[in-house]
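> This is the structure, below, for whatever I ask next.
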Amino acid sequence: MQPSIFPPETREAFAAAYPARPVKLTHGLLGHPLLTLDALARLAEALPEHEIEYNPGTLPIGIRPEDVPKSDLTVTETIRSIGQAGSWVALKRIEKVPAYRELLHEVLGQLRDIVEPRTGQMMQLEGFIFITSPGSVTPFHFDPEHNILLQVMGHKTMTLFPVEDEAMFSAEIHERYHLGLHHRNLSWYDAYAEKGSAIHIGPGEAIHVPVKAPHWVQNGDEPSVSLSITWRSDWSYAEADARAFNHMLRKIGLSPASPAPFPARNLAKALAWRAVRKLKGAA
């Protein structure tokens, strides 16, 4: 039997929050041999090039993807000198390397009994590792997956915003995002700041990030390593498909209501979009 990565109090806190609310958690991955800087430099060498993103870390909260400057260092040079590199590195879909796939499945397996009764089968299990220089900023964005960010080294502050606040991001932005027509990075306005809730984490702590919760991240004054464990669910796919169906309705002049938040399942619109997509594929 695998040792427990999440203590009982963390499981209780996660169960009380999942899937709709952010919450601070704790974990037992400190000192794991796959999460040292040397191991992560080797992981970067093993991953396909398209699964690696690294940029200078001195970025504004809001920035267009095409405006992000390129780094002068290689990714392995950046990781090994992360304390001085002034950069952040994202190693994506680490499950493509067998040892990291085993780690990801072990960690998520310890939450399956909480997750699946509420949002359905855990699907598309993916892991991302962020190696970040002191003071670096991850710009304002949202993600389509259920996510837990586990801090392994250093400190960071994540500021999260309400998922359903369409005064910040219109229904059309959500719809375009799910159709691949809008980048994950979001426009930032200073007026948004008062709507955010900041959660600070250090080594051995974690944050549950709800699906599509807008957020940005400020690293502390030392190098940081974070592991992001993500999954999709029946519920998250239904929300995405309902958004896509709404986009189609909007194009013919209708003004559809946005998908309802959890625990609504949004199945009618989701199934309608899947039928449309199937017909398009058969045409």
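FYI, it's all coordinate maths here, none of it is from the lab. Quick caveat, the model's predicted, so the values are computed rather than measured.
> Hey, which lysines would be in cross-link range of LYS195, C-alpha to C-alpha under 23 Å, not counting anything within fewer than 8 residues on its own chain?
Candidates past the 8-residue exclusion: LYS24, LYS156, LYS212.
> When 1/r is averaged over all different Cα pairs and the result inverted, which Kirkwood radius in Å belongs to the chain?
19.8 Å
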